1. I need the full set of residues from region 17-36 which are without any contact (Cβ under 8 Å) to a residue 12 or more places away in the chain and under 9 Å from the mean Cα position of the chain (by Cα), in order please.
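The values are calculated or read from the model by the stated rules, or taken from the named source; none is laboratory data. Owing to the predicted nature of the structure, the values given are computational and were not obtained by experimental measurement. Backbone-built Cβ (ideal geometry, glycine too); neighbour counts: all protein chains shown.
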């Protein structure tokens, strides 16, 4: 069975960005992950 899991992939990317911010102090990584979180929150295909 083939499965496409975009939110799993996005979670991994976001976790990496949070690590870059936490461990290296990258403000750009924090800005990017915050924007990604806003996109997920307002995505019309995501229901919480």
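1. Kept after step one, since they are without any contact (Cβ under 8 Å) to a residue 12 or more places away in the chain, are these residues of region 17-36: 19-20, 22-28, 31, 34-35.
Correct list: 34, 35.
Every residue, every condition in (1) part of a helix (DSSP H, G or I); (2) surrounded by fewer than 12 Cβ atoms within 10 Å (Cβ to Cβ); (3) at pLDDT below 95; (4) in contact with a strand residue (DSSP E or B) (Cβ under 6 Å, 6 or more places away or on another chain), yes or no:
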residue: 2; (1), (2), (3), (4): no, yes, yes, no
residue: 8; (1), (2), (3), (4): yes, yes, yes, no
residue: 17; (1), (2), (3), (4): yes, no, no, no
residue: 20; (1), (2), (3), (4): yes, no, no, no
residue: 28; (1), (2), (3), (4): yes, yes, no, no
residue: 32; (1), (2), (3), (4): yes, no, no, no
residue: 35; (1), (2), (3), (4): yes, yes, yes, no
residue: 41; (1), (2), (3), (4): yes, yes, yes, no
